[in-house]
Amino acid sequence: MTTITATTAPPRARKLVGAGRRQWIGLLYVAPAVALVMVFFVIPLGMTAWMSLHNWPLMGEHSFIGLGNYWAILRDTRFWNALRFTGYYTVVVTIAIFAVAFPLAIFIERPRPFTNLYRTMFFMPAVVGFASASLLWSWLLNVDSGLFSPAAYDLGLIDKKFNLLATFQPAFWSIIAMVVWKVAGFTMIILMTGLQSIPQDLQEAAVIDGAGPFARFRAITLPLMRRTLALALILSVAGSILAFDQFYIILRGGPRNQTLTAVYWIFNQSFVSFKLGYGAALSMVLLVILVTLSLVQLWLLRKPEGLD
Amino acid sequence: MAQAMSDTGKLAARLARHSTGIIASVLFVAPIVWTVLSAFKPAQEARLPPLPPWPTTGFSLENYATLNSFGDGLWVSTQNSIYVSVMTVILSVIVSVLAGYGFSRFRFPLKDLFFVLILSTIMIPFQSILTPIFLVLTKLGLHNTLTGLVGVYVTLQLPFSIFMMRNAFDAVPREIEEAARMDGAGNATMLIKVMLPLVWPGVVTIALFAFLGAWNEFLAALVLMTDQSKFTLPVMMTALQSGRFGAIDWGAVQAGVTVMMVPCLILFLALQRFYIRGLMAGAVK
């Protein structure tokens, strides 16, 4: 999970101990990190661009085909469907996460009896891995051995056991529910810090001026939380665009490939069909989309408070 | 009278507040508890729908025992997961402490470039460079090895951990170093004996995140580990849940998910303070 977004360093003393030879010692300290980033990041990144211009099967020779892969992407309806689905999922899940996390953040913001306990409980699913959560829910959602369908059947709510994962709508909303369960606590904590950074006397002054809760929320809470909201939004959007585990483990892209995500399609092309060059070209497209989004979002975050 | 009214009002508010809190808590925690309890059902019962959530015919460890009979066994995958996670923790702590110290206290050529390079890796998702990582590992002879996976995981942790450690070292007053240098501390002594105790909370934080990251990672392990004997827990459990070892045994799935969740929950409950600190450091400015 990646959580860093800004790189603004605290003001640091410029005076440095020692000189000359000691310069190179610093390089030694950072060398292992730089080497790792080179081997496992920079080189693979360069290779992705290079491979995307080739026909590159797992076995046998690869051959240069220029922009061939990219032309093929234009005609790859599966990919565009996957991208459209990923976008749809990202919008829906982000709204759902905020709809749950924001009230929770307000609920646990101020220290009152049991607040710490509630906070911990709401947060617990967030430390469980996405794979664990998906495996757990694939059981609860199972038509015969799971919780929902058999319980509804036993209670007489439905007259035939209903497979939630067999058709698009119920399957999609099951995933949304699972992800909200897993992620809301995380978003809640981030929003909580935003709420806590709002000066208490500002709210009190507004109360004295006769502002109701809604007016205060709109005039004080929201504007002062812009950066926190933007940050929580970035994390949610970036995470959702890369969604894979839950769709692979619970739905396997089904029903009828309707829930293939972008990363899932890249995985399929690269590691199931072993079209490594094509997979690389798809990766480049996804990468451009994500970097563009990150830059837009960074710009959003950098914008100073209260300026519109 | 007015006093009594406001007392009732307060009580009602408190009641509303706590019932909301309790209901929400149950919703968040129930699936976890449900799984952990169901895993203790005898195999026969574990196949049935989970109402009530607890075993009705006695607690049993049968599901855990069966789990070991799939593929190369749960125990092998658990060992792999432990190995990968512990190595990731150790290496990412060593590499990040060194780098954090270097970036905080020294001036050297290309320093800013390296720092930006490491931090900017966070903008590029590893999902999009997984194919070449696969090829790089093959070139290095690390394909399908746990060591290769550790290399990938450590690299994924670096931007967060180095940022965290650099800030931790930045917060240590220079006078402390100068005093230690007067006392004749060399470079190694300085870092290990003088600085490390002062940045200890940062080290615990990055170790915790490295563990959770490595323990829970799925996609890279799925792609890079091809032998069953190298599967980590998430990969092994997914193979089991997809029916790759025959009919799906939901009792075994519950037991396996429990094995995957419990270490995370224990670490989180024990180190909550550090977890939140990490979230803040990573997330807020």
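The values are calculated or read from the model by the stated rules, or taken from the named source; none is laboratory data. From a predicted model like this one, the values you see are computed outputs, not experimental measurements. As a convention, Cβ positions derive from the backbone with ideal geometry for all residues, glycine included, and neighbour counts pool all protein chains shown. Quick note on the areas: whole protein, heavy atoms, side chains included, nothing else; ligands and nucleic acids left out. Shrake-Rupley method; radii C 1.70, N 1.55, O 1.52, S 1.80 Å.
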Qualifying residue in the range B:229-245 (condition: away from chain A (no Cβ under 12 Å), open to solvent by 10 Å² or more (accessible area, probe 1.4 Å) and part of a helix (DSSP H, G or I)): yes
Among residues of the range B:30-54, those that are open to solvent by 10 Å² or more (accessible area, probe 1.4 Å), modelled with pLDDT of 90 or more and under 12 Å from A:Gly146 (Cβ atoms), counted: 2
Number of positions in the range A:169-212 that are in a helix (DSSP H, G or I) and open to solvent by 40 Å² or more (accessible area, probe 1.4 Å): 11
Hits in the range A:251-286 - residues which are among the aliphatic types (A, V, I, L, M) and open to solvent by 20 Å² or more (accessible area, probe 1.4 Å): A:Val272, A:Met284, A:Val285
Filtered residues of the range A:40-70 (kept if more than 7 Å from chain B (Cβ to nearest Cβ) and under 27 Å from the mean Cα position of the chain (by Cα)): A:Val42, A:Gly46, A:Ala49, A:Ser52, A:Tyr70
Among (1) facing another protein chain (nearest Cβ under 7 Å); (2) over 17 Å from B:Ile266 (Cα atoms), the one test that A:Met124 misses: (2)
Complete set of residues in the range A:27-45 that are open to solvent by less than 40 Å² (accessible area, probe 1.4 Å) and over 19 Å from B:Met164 (Cα atoms): A:Phe40, A:Phe41, A:Pro44
Pick from the range B:89-109, criterion farther than 9 Å from A:Leu27 by Cα and surrounded by fewer than 16 Cβ atoms within 10 Å (Cβ to Cβ), ranking: nearest to the other protein chains (Cβ to nearest Cβ): B:Ile94
A:Arg218 in a helix (DSSP H, G or I), out of contact with any Lys or Arg (no Cβ under 7 Å at 6 or more places or on another chain), within 13 Å of chain B (Cβ to nearest Cβ) and of a type in the set (D, E, K, R): no
Positions within the range A:202-251 being among the polar types (S, T, N, Q) and at pLDDT 90 or above, in sequence order: A:Ser236, A:Ser240, A:Gln246
Residue list for the range A:73-120, restricted to those being within 13 Å of chain B (Cβ to nearest Cβ) and without any contact (Cβ under 8 Å) to a residue 12 or more places away in the chain: A:Pro103, A:Phe107, A:Arg110, A:Arg112, A:Pro113, A:Phe114, A:Thr115, A:Asn116, A:Leu117, A:Tyr118, A:Thr120
Exclusive hit being touching a residue at least 12 places away in the same chain (Cβ under 8 Å) and under 30 Å from A:Ser174 (Cβ atoms), set A:Leu260, A:Leu298, A:Leu276: A:Leu260
